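Below: the structure, in structure tokens.
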Amino acid sequence: MGAIAVVLDHTTAAALHDPKDPFNEAVAAFYVQASGGLGTLYSPALSLTVGDTERPGLLAYINGLRFIHIESFDTEAALAATELLHAGHSWATIHAIHAARPSAAYPAGRFLLTLTPKLYEGTGVQAVHPGQ
């Protein structure tokens with residue numbers, strides 16, 4: 001099995017940030033795998049920004065982790081965000097959806113690791129709960 005690409009949304013980033021979170025160890029296992037070169041972790045900047053409003057320090061914490069790449073909120077992401085906001089998706093989810101969807105760099109898309117997979121139903125992404 002080759003290395004996999006995984007997007008952490010605001011919920012899994014928050015779980016990684018909080019050692020008392022019941023899913024901290026499950027998310028940390030993905031981080032350990034990435035540190036060993038078995039995968040690559042990404043976290044969308046906008047998702048982290050929204051998450052930071054609920055858990056101050058989240059963005060700075062994730063930014064300080066060596067094996068998580070912060071996805072920039074660029075023009076392409078903004079165009080997708082507009083579409084997703086009009087469709088009723090939240091600010092917390094729109095950048096994660098964009099990051100996980102198929103793209104030129106990731107034709108099959110990237111897995112989206114989330115504690116709330118139902119928020120991503122019908123968006124064309126592979127949302128996976130770390131505890132399952």
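Rounded, prolate or oblate: which fits the range 1-89 when a ≥ b ≥ c are the square roots of the eigenvalues of the alpha-carbon gyration tensor, with rounded for a/c under 1.5 and prolate only if a/b beats b/c? Because a/c hits 1.5 or more and a/b fails to exceed b/c, the range 1-89 counts as oblate. Think of a 1.4 Å ball rolled over the protein heavy atoms: the chain then has 53 Å² of accessible area per residue. Taking amide hydrogens as placed 1.01 Å from N in the peptide plane, the amide H of residue 127 sits under 5 Å from those of 112, each at least 5 positions away in sequence or on another chain. Taking 8 Å as the Cα distance limit and 6 or more residues as the minimum spacing, I'd like the relative contact order of the chain as a percentage. Here the relative contact order equals 28 percent.
Over the chain, dividing the summed -39,500 (n - 2.57) contributions of all DSSP H runs of at least 4 residues by the number of residues returns a 222 nm mean residue ellipticity of -12500 deg cm²/dmol. In this simple spin-label model, placing a label point 7 Å from the Cα along the Cα-to-Cβ direction at both residue 67 and residue 29 gives a separation of 1.4 nm.
Whole-Hz Karplus values for the range 48-59 come out as 5, 5, 5, x, 5, 5, 8, 9, x, x, 4, 4 Hz, taken residue by residue from phi with 6.51 cos²θ - 1.76 cosθ + 1.60 and θ = phi - 60°; glycine and proline positions read x. The listed peptides 113-121, 3-11, ordered by packing as a protection proxy, come out as 3-11, 113-121 (highest mean of other Cβ atoms within 10 Å first).
Remark: spin-label model distance residue 49-residue 4 equals 3.0 nm, labels positioned 7 Å along the Cα→Cβ axis.
Give the shape of the range 52-132 as rounded, prolate or oblate, defined through the alpha-carbon gyration tensor: a ≥ b ≥ c are the square roots of its eigenvalues, a/c under 1.5 means rounded, and otherwise the shape is prolate if a/b is larger than b/c and oblate if not. Judged from the Cα gyration tensor, the range 52-132 comes out rounded (a/c under 1.5).
The values are calculated or read from the model by the stated rules, or taken from the named source; none is laboratory data. The structure presented is a predicted model; accordingly, all values stated were derived computationally and were not measured. FYI the Cβ positions are ideal-geometry reconstructions off the backbone, even for glycines, and counts take in every protein chain you see. These area figures cover heavy atoms from the full protein model, side chains too; ligands, DNA and RNA do not enter into them. Shrake-Rupley method; radii C 1.70, N 1.55, O 1.52, S 1.80 Å.
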